[in-house]
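*Asks:* Got a structure here, written out as C-alpha cells. Questions coming.
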Amino acid sequence: MPTSSSHSPTPHANGASAPLWKLLQGTASVVAAVRSGRSMTALLDAQPPALRPGVQALSYQVMRWWGRAQALRAQLARKAPPPAADALLCTALALCWDESLAPYSAFTLVDQTVHAARQHKDTRAQAHFINACLRRFLRERDALIDLTDADPVAQWNHPLWWIQQLQHDHPDHWSAILTASQSPAPMTLRVNQNQSTVADYLAQLQAVGLSGHAVGEFGIELRQAVPVSQLPGFAQGVVSVQDAAAQWAAPLLLQGLDRQAPLRILDACAAPGGKTGHLLEICPFAQVVALDVDPARCERVQHNLDRLQVQAQVMAADAARPESWWDGSLFDAILLDAPCTASGIGRRHPDVRWLRRESDVGQLAAIQARLLKTLWGLLQPGGHLVYCTCSIFLEEGHQQIQTFLQHNTDAVFLPSPGHLRPQNSRMSPSVQDNQAGEHDGFYYARLQKRL
Ligand SMILES: C[S@@+](CC[C@H](N)C(=O)[O-])C[C@H]1O[C@@H](n2cnc3c(N)ncnc32)[C@H](O)[C@@H]1O
C-alpha cells in the first residue's frame, strides 16, 4: 500500500497544469463554502484560472456524492473534525467511494488528499487523522458502504426533506428523478432561425469536427460539451446554449398569437435573457420589455441580446411593483419564468440541493403567487401568460396554478405541458413527446385572459 507521502511525479488532472493535491485543496475550499451557504457558480468563477477547470470538474462530482461522503465520514469518525479538515476528508470520500466513478485510483486520491492536508495551515494538524480515516476506508470499503446504505441521504445523495417531497409529489417517478439528477446534463444549443437551420448548423458542426443530433424544433444536443468559443458563429448569435425544456417557453407563449404582429410582450424575470432572445428570434416584430430585479443580471440580458442582434427594452425593476416601471399599456403576452428552488436543474447545479432549506419552497411559492397575481393585472383581455419554473415541486407548479385558477375566474387554462421531469423521461400526456431529447425538469402552464 502506498504511504501518505507525496510521490514523484505528482499526479496531474487530465490536461490540467496543476497538481492533483492543489485541485483537491481548491475543491475542499469550494465545498466548505457551499456548506456555509454560498453558491458554487460564484466560487468556481473566483478560482485561479490554472485551477478552475480541474476544481470545477471535481467539485461537481463531490456535490453529486456529498450525501454518501458525509455518511461514510460519520462511520469513520462520529465527531466531525474542524470544518476545513472535514471538507477535505469528505471530498476524498466523495471522489473515491465508488471506483467505477472515480477520476483517479483510490490510492492516488488518498495519497494526494493527505499531501494536500499537510500543505495548508488549516488542515495540517489533522493530516494524520485524515490519513487514518482514508486508509481505514480503503481497508473496510465494502462493509462501510453497506452500513451507509440504509441511510436515504447516502443512498440518494439529496437531503431527506427533498427526497420526501419528491416521494409525495411524484409517487411513481421519484426514484427515477433522483437517479436522473446524478448524471451530468448534455450541452444543448438553440439555433437562431433568423441565421441558420438545425440541418445547416449540424453540417457546420461536422465541418469543425463536432457532432450532435436534433432535439425539438430548434435544438441540437451536442455529443460532447465544448467551450462556446469552439461553436461556429456563436459570437454572431447563430446559436445559444439553452436546455431543451427551456426552449419550450417562447413557442408556448406565442402559440395562437400572430408572430408577424408587433405584439407587446413582457418577459418579467428575464435574466440572463435566454428566453427573451428566443422570443425575439421567432417573433421579430415584437416589442419586448425585459425586466429583472437584479441590475447586474440585466447587463447579462443586454449582452446576450446584443450578441443575437435583437432589441428589447431592458429594465432593472421589481415585476411585483409595476408602479415603479409600467407605462400603463396592457401586454398581449407575458412570460413569468419565476424565481424558484431550481429543483429541476440538479444535474447542472448539484450544489443547489444542499443549499436549499425546506422552508424555501413555501417562501418561493409565496413570491411566485404575488408575481402571478400582479402581472395578471397587466395582461390584455384575450392575452396569453405562460407561467414556468425550473422546479419539479408541485407547490411551485401545478398547485400554484390550481390555486390561481380558483381565485381568478377570468383565467382559462390552455393545453399545457405541466411538469416535465428531468432527463429523458416522458412528459405529461397532454404534450407530444416527440424527439424532445434530454432536458431539465420544468413546469409550464399556459393561461389566457377571458375577453
Ligand atoms: C429563473 S431566472 C430567469 C431565467 C431567464 N428567464 C432566462 O431564461 O434566461 C429568475 C429571474 O428572476 C429574477 N427575479 C426574482 N424576483 C424578481 C422580481 N420581483 N422582479 C423581476 N425579476 C425578479 C431573478 O433575478 C432571476 O434572474
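*Asks:* Within region 185-224, which residues are surrounded by 14 or more Cβ atoms within 10 Å (Cβ to Cβ) and under 15 Å from residue 282 (Cβ atoms)?
*Replies:* Result: 190, 191, 192, 193, 194, 195, 196, 198, 216, 217, 218, 219.
*Asks:* Modelled with pLDDT under 95 and more than 8 Å from the ligand (Cβ to nearest atom): does that describe residue 307?
*Replies:* So residue 307 does not fit the description; no.
*Asks:* While we're here: Of the residues that sit in region 364-377 and are away from the ligand (no atom under 12 Å from the Cβ) and either surrounded by 20 or more Cβ atoms within 10 Å (Cβ to Cβ) or polar (S, T, N, Q) (or both), which one is nearest to residue 257 (Cα to Cα)?
*Replies:* Here the answer is 376.
Listed here are the residues, each with its yes/no results for (1) part of a loop (DSSP other than H, G, I, E, B); (2) in contact with a strand residue (DSSP E or B) (Cβ under 7 Å, 6 or more places away or on another chain); (3) of a type in the set (D, E, K, R); (4) over 30 Å from residue 161 (Cβ atoms).
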position: 172; (1), (2), (3), (4): yes, no, yes, no
position: 177; (1), (2), (3), (4): no, no, no, no
position: 199; (1), (2), (3), (4): no, no, no, yes
position: 209; (1), (2), (3), (4): yes, no, no, yes
position: 217; (1), (2), (3), (4): yes, no, yes, yes
position: 221; (1), (2), (3), (4): no, yes, yes, yes
position: 237; (1), (2), (3), (4): yes, no, no, yes
position: 240; (1), (2), (3), (4): no, yes, no, yes
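*Asks:* Hey, another quick one. Name the residues in region 364-390 that are part of a helix (DSSP H, G or I) and closer than 22 Å to residue 415 by Cβ, would you?
*Replies:* Within region 364-390, 368, 372, 375, 376 qualify.
*Asks:* Please pick out the residue among 228, 238 that is farther than 30 Å from residue 67 by Cβ, of a type in the set (A, V, I, L, M, F, W, C) and within 16 Å of the ligand (Cβ to nearest atom).
*Replies:* 228
*Asks:* So residue 401 clears everything in (1) in contact with a Leu (Cβ under 8 Å, 6 or more places away or on another chain); (2) more than 24 Å from residue 332 (Cα to Cα); (3) more than 16 Å from the ligand (Cβ to nearest atom) except one condition, right? Which one?
*Replies:* (2)
*Asks:* Go through the residues of region 150-162 one by one and say whether even a single one is under 20 Å from residue 277 (Cα atoms) and buried (at least 16 other Cβ atoms within 10 Å of the Cβ).
*Replies:* No, because not a single residue in region 150-162 is under 20 Å from residue 277 (Cα atoms) and buried (at least 16 other Cβ atoms within 10 Å of the Cβ).
*Asks:* Separate question: Quick check on region 316-363: of everything there that is in contact with a strand residue (DSSP E or B) (Cβ under 9 Å, 6 or more places away or on another chain) and not in a loop (DSSP other than H, G, I, E, B), which residue is nearest to the ligand (Cβ to nearest atom)?
*Replies:* If we take residues in region 316-363 being in contact with a strand residue (DSSP E or B) (Cβ under 9 Å, 6 or more places away or on another chain) and not in a loop (DSSP other than H, G, I, E, B), then 337 is nearest to the ligand (Cβ to nearest atom).
*Asks:* Out of the residues in region 249-300 that are of a type in the set (S, T, N, Q) and more than 16 Å from the ligand (Cβ to nearest atom), state the one that is surrounded by the fewest Cβ atoms within 10 Å (Cβ to Cβ).
*Replies:* Checking each candidate, the answer is 260.
*Asks:* Can I ask one more? Of the residues that make up region 321-331, is at least one surrounded by fewer than 21 Cβ atoms within 10 Å (Cβ to Cβ) and at positive phi?
*Replies:* Yes.
*Asks:* For region 158-192, give me the residue count where each residue is touching a Leu at 6+ places or on another chain (Cβ under 8 Å) and among the aromatic types (Phe, Trp, Tyr).
*Replies:* 1
*Asks:* A follow-up question, please. Based on what the data block shows, is residue 245 at pLDDT below 95, within 15 Å of the ligand (Cβ to nearest atom) and closer than 23 Å to residue 417 by Cα?
*Replies:* So residue 245 fits the description; yes.
*Asks:* Residue 62 versus (1) β-branched (Val, Ile, Thr); (2) under 16 Å from residue 30 (Cβ atoms); (3) touching a residue at least 40 places away in the same chain (Cβ under 8 Å): which is the lone unmet condition?
*Replies:* All conditions are met except number (3).
*Asks:* Do we find that residue 271 is outside the structural domain of residue 333 (by TED's automatic domain parsing), touching a residue at least 24 places away in the same chain (Cβ under 8 Å) and aliphatic (A, V, I, L, M) in this structure?
*Replies:* no
*Asks:* I want to confirm something. Restricting to region 368-394 and keeping residues that are in contact (Cβ under 8 Å) with a residue 60 or more places away in the chain and within 23 Å of residue 164 (Cβ to Cβ), which single residue is nearest to the chain's Cα centre (by Cα)?
*Replies:* Checked region 368-394; the qualifying residue nearest to the chain's Cα centre (by Cα) is 390.
*Asks:* Let me spell it out: the conditions are (1) of a type in the set (A, V, I, L, M); (2) over 19 Å from the mean Cα position of the chain (by Cα); (3) in the same structural domain as residue 316 (by TED's automatic domain parsing); (4) assigned to a loop (DSSP other than H, G, I, E, B), and residue 280 meets all of them except one. Which number is the exception?
*Replies:* (4)
*Asks:* A further question follows. Just the residues that are more than 16 Å from residue 184 (Cβ to Cβ) and in contact with a Cys (Cβ under 8 Å, 6 or more places away or on another chain), please, taken from region 33-71.
*Replies:* Residues satisfying the conditions are 69, 70.
The values are calculated or read from the model by the stated rules, or taken from the named source; none is laboratory data. As the structure is a prediction and not an experimental result, all values here were calculated from the model. All Cβ positions, even for glycine, are placed from backbone atoms using ideal geometry, and neighbour counts span all protein chains on display.
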